Amino acid sequence: MKRYHVGKVWRRESPTVAQGRYREFCQCDFDIAGQFDPMIPDAECLKIISEILSGLRLENFLIKVNDRRIIDGMFAVCGVPESKFRAICSSVDKLDKMSWTDVRHEMVAKRGLTPEVADRIGDYVQCRGGASLVEQMFQDPRLSQNQQALEGLRDLKLLFEYLTLFGIAEKVSFDLSLARGLDYYTGVIYEAVLPKTPAQAQGESLNVGSVAAGGRYDGLVAMFDPKGHKVPCVGLSIGVERIFYIVEQRMKTVGESVRVTETQVFVATPQKNFLRERLKLIAELWDAGIKAEMQYKNNPKLLSQLHYCEHTGIPLVVIIGEQELKDGIVKLRSVASREEVHVKRKDIVIEIQKRLSES
């Protein structure tokens with residue numbers, strides 16, 4: 001079994017944003033391909049989602065799961081013509097944004113279902129629960145007669161057993177309204193959401209949709225393989241921008257400032273013609289693993305450099321000028337307090353690392 005992780009890539013340049021800023025990019029797509037026993041890689045994908053969201057302190061998340069075979073079986077036993085499966089699936093997929101009344105109206109008025117068929121679908125898609133709901137569906141007089149639905153239910157039963165062993169079953173809900181409208185899904189599907197708290201429901205909306213989603217797509221690789229080789233696959237994607245938005249909004253709610261850069265140190269100078277000294281100094285910081293930047297100008301004004309640090313939340317500034325160079329020192333400035341201390345040039349890396357470890 002192969003484990004995947006969110007990897008960080010740091011760049012020291014940005015062609016479209018403020019010069020010299022680090023940009024952080026997260027590699028947030030996960031796929032497990034190959035022939036494995038049922039639901040083991042699928043359960044791991046849900047465990048990965050749980051680890052990532054918990055690590056970001058988004059503990060109130062809920063992972064909704066369903067299976068495309070259960071959905072198709074449900075449509076069949078409810079009386080939906082097979083030619084309308086995908087269209088009705090698209091309607092069901094809107095239940096996270098629309099009420100059942102509105103979705104039912106769409107099914108009848110726009111998709112051509114009879115009211116009786118739509119009502120049968122409504123009996124199912126308003127059901128949600130845990131492993132007990134899976135057992136309940138096994139006993140359902142209509143669904144239990146559909147072989148395709150039974151295959152999906154068997155896999156979900158096994159999935160919940162593995163999720164219990166992983167310790168995340170309480171974070172997962174079997175939700176028959178989850179449809180994931182993409183046609184290439186063939187089995188289990190899932191979507192992580194952040195339910196609103198009562199306070200959020202009364203205040204500004206933080207409903208930005210799902211923050212992670214994925215599922216099993218056993219037939220997709222064969223569509224692109226000239227020989228049509230079938231490779232079972234399961235995967236997920238993390239909604240990075242949506243998560244960043246939620247985290248920023250929550251920080252603002254509790255009065256925390258939102259840093260727009262991960263830069264730890266800015267290298268500045270009050271002098272003209274000090275580019276080479278700044279380049280030597282910033283190279284030392286980079287080599288020590290310190291996230292540092294400077295203005296890409298020969299003769300930047302000191303005031304503009306300090307204002308930039310205050311605006312972006314960079315905590316430390318190293319200042320080097322003629323007198324500092326002559327004395328073998330640099331100034332280390334705290335942006336928050338504006339306090340400046342002299343540090344020996346040879347000790348600046350150690351001093352910065354000490355400051356950063358204490359912050």
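The values are calculated or read from the model by the stated rules, or taken from the named source; none is laboratory data. Source: prediction; values computed, not measured. Neighbour counts run over all protein chains shown; Cβ positions are idealised from the backbone, glycine included. Remember, those area values only see protein heavy atoms, side chains included, never the ligands or the DNA or RNA. Shrake-Rupley method; radii C 1.70, N 1.55, O 1.52, S 1.80 Å.
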Treating each Cα of the range 214-281 as an identical point scatterer and ignoring solvent, apply the Debye formula and state log10 I(q)/I(0) at q = 0.17, 0.23 Å⁻¹. -0.79, -0.99
What accessible surface, in Å², does a 1.4 Å probe find on R180, ignoring ligands, DNA and RNA and rounding to the nearest 10? 50
Expressed as an acute angle from 0 to 90° and rounded to the nearest 10, what is the orientation of the C-alpha long axis of helix 240-253 relative to the principal long axis of the chain? 70
For the range 120-160, what does the equivalent ellipsoid look like in terms of its semi-axes, each the square root of 5 times an eigenvalue of the Cα gyration tensor, given largest first in whole Å? 15, 13, 8
Among the aspartates and glutamates, which fall within straight-line cross-link reach of K272, defined as a Cα-Cα distance under 16 Å, with same-chain neighbours fewer than 8 residues apart omitted? E322, E324
Within-14-Å neighbourhood charge of G129 [Cβ basis; K, R +1; D, E -1]: 0
Over the chain: Rg over Rh, Cα atoms, Kirkwood Rh: 1.13
Sort E324, E241 from largest to smallest accessible area, using a 1.4 Å probe on the heavy atoms of the protein chains. E241, E324
Determine one quarter of the surface area of the Cα convex hull of the range 266-359, which equals its mean projected area, and express it in nm² to one decimal. 5.5
Ignoring ligands, DNA and RNA, what accessible area per residue does the chain give at 1.4 Å, in Å²? 53
Förster radius 51 Å - calculated FRET efficiency between A222 and K110 (Cβ-Cβ, nearest 0.05): 0.95
Given K110/K171; K97/K230; K47/K84; K301/K344; K297/K346, the pairs whose alpha carbons are separated by over 27 Å: K110/K171; K97/K230; K47/K84
Would you please give the FRET efficiency between S132 and E262, computed as 1/(1 + (r/R0)^6) with r the Cβ-Cβ distance and R0 = 51 Å, to the nearest 0.05? 0.70
Provide the three semi-axes, in whole Å and in decreasing order, of the ellipsoid equivalent to the range 65-145 as defined by the square roots of 5 times the Cα gyration tensor eigenvalues. 20, 14, 11
The helix 275-287 Cα axis meets the longest alpha-carbon principal axis of the chain at an angle in degrees, between 0 and 90 and rounded to 10, of 50
Quick one: angle between helix 147-166 and the longest Cα principal axis of the chain, in degrees between 0 and 90, rounded to 10, please. 40
Carbon plus sulfur, as percent of the 1.4 Å-probe accessible area of the chain, comes to 51
